[in-house]
Amino acid sequence: NPTYEDHEGHLEAVQVTYDPRVVAYRTLVDYHLRHIDPFDAGGQFCDRGQSYAAAIFAANADERADAKASLAEAEKVLGRKIATPVLDRGDFWLAEGYHQDYAKKNPLRYKYYRTACGRDARVRKVWGGASH
């Protein structure tokens, strides 16, 4: 299993379990896209390197089609090619305990990180009024 210190070849990701009767996969993809810099293939904000690159994981053909449709619509709205890939969902390993719920457990540190890295400003610049 990868660890935080040794995760080469892996992406840091969040596993989302959802009920399609309650929320559509496409809605989740749209939400995700509006909270990242979809043009940055080299990581996100201060976190640089391949393991910090954004991605969308699809479990089946329907999810893949929804993700591709969401990307196509976002490219049309933003007028640029999006670098965020759609990948097949594979094995998922939980991060170490100190990384679980980091923002909730460390609100001041996370707020500082988020501000210092320009995360919110970049999301607003990319998405304008379309960000959530």
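The values are calculated or read from the model by the stated rules, or taken from the named source; none is laboratory data. Because the structure is predicted, anything quoted here is derived from the model rather than measured. Positions of Cβ are backbone-derived with ideal geometry, glycine not excepted, and every protein chain shown enters the neighbour counts.
Values computed for the structure shown
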read-out: Flag if ARG114 is out of contact with any helix residue (DSSP H, G or I) (no Cβ under 9 Å at 6 or more places or on another chain), in a helix (DSSP H, G or I), within 17 Å of ILE36 (Cα to Cα) and not aliphatic (A, V, I, L, M); value: no
read-out: Lone unmet requirement of (1) among the hydrophobic types (A, V, I, L, M, F, W, C); (2) touching a Phe, Trp or Tyr at 6+ places or on another chain (Cβ under 7 Å); (3) in contact (Cβ under 8 Å) with a residue 60 or more places away in the chain for PHE92; value: (2)
read-out: Options GLY79, GLY43, GLY49; residue that is in contact with a strand residue (DSSP E or B) (Cβ under 8 Å, 6 or more places away or on another chain), of a type in the set (Gly, Ala, Ser) and either modelled with pLDDT under 95 or surrounded by fewer than 13 Cβ atoms within 10 Å (Cβ to Cβ) (or both); value: GLY49
read-out: Residue in the stretch 1-14 that is in contact (Cβ under 8 Å) with a residue 40 or more places away in the chain, more than 30 Å from ALA116 (Cα to Cα) and in a loop (DSSP other than H, G, I, E, B) present; value: yes
read-out: Residue satisfying all of: in the stretch 72-106; of a type in the set (Val, Ile, Thr) and in a loop (DSSP other than H, G, I, E, B); nearest to the chain's Cα centre (by Cα) among these; value: THR84
read-out: Answer residue from the stretch 58-76, given it is surrounded by fewer than 20 Cβ atoms within 10 Å (Cβ to Cβ) and of a type outside the set (A, V, I, L, M) and is farthest from TYR18 (Cα to Cα) among those; value: LYS76
read-out: Residue identified as surrounded by 11 or more Cβ atoms within 10 Å (Cβ to Cβ), within 17 Å of the chain's Cα centre (by Cα), assigned to a helix (DSSP H, G or I) and basic (Lys, Arg) among ARG109, ARG122; value: ARG122
read-out: Hits in the stretch 48-65 (condition: small (Gly, Ala, Ser) and either more than 13 Å from ARG89 (Cα to Cα) or part of a loop (DSSP other than H, G, I, E, B) (or both)); value: GLY49, SER51, ALA53, ALA54, ALA55, ALA59, ALA65
read-out: Residues (in contact with a strand residue (DSSP E or B) (Cβ under 9 Å, 6 or more places away or on another chain), part of a loop (DSSP other than H, G, I, E, B) and among the aliphatic types (A, V, I, L, M)) located in the stretch 17-40; value: ILE36
